[in-house]
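Dumping the structure here so I can ask a few things about it.
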Amino acid sequence: MIHHRYDIATALEAAGWTDDVPGRPGVLQHPSGASWMTVTAVGDGVLRCTGEEPVTFAGHIPTPVVIAACLAASGQLDPSKDRVKLEERSSWLGCLERAGVDGWQGYDVARDLRGQ
């Protein structure tokens, strides 16, 4: 898996997606049949659902949008129930990105930005 979108992989794995798809390294799959894979170095990815056309997400699409699409495709997202949780997650990820999470020294800064 290209670690450029590691945040997406982490969220999907936390939601029960696995990367043990035979013959397809780097592919995360949900038991529903939905799958996600980062396909380019700039973070472009593809979401596939059984019986549907694949959906391509450009690398600049915000992480929370991609995660929400994947969860919705797998039947794991109830927008009316999960909206607050997604907004909180989006806020947290935004703070991490602004703090420069790629070096991890900004972790405490992100917590301060969020007010924790």
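With θ set to phi - 60°, apply the Karplus curve 6.51 cos²θ - 1.76 cosθ + 1.60 along region 56-67 and write out the HN-Hα couplings as whole Hz, x wherever there is a Gly or Pro.
9, 10, 5, x, 7, 5, x, 3, x, 5, 5, 4
Which of the GluC sites (Glu not before Pro) found in region 47-102 are in a DSSP loop and have at most 14 neighbouring Cβ atoms, other than their own, within 10 Å?
Here the GluC sites (Glu not before Pro) that fit, given the DSSP loop and packing criteria, are 52.
Any read-out appearing in this document is the output of simple, stated calculations on the displayed coordinates, not a laboratory observation. Predicted model only: the values in this text are computed from it and were never measured. Don't worry about glycine lacking a Cβ; one is built from the backbone with ideal geometry, like all the others, and counts go over all protein chains shown.
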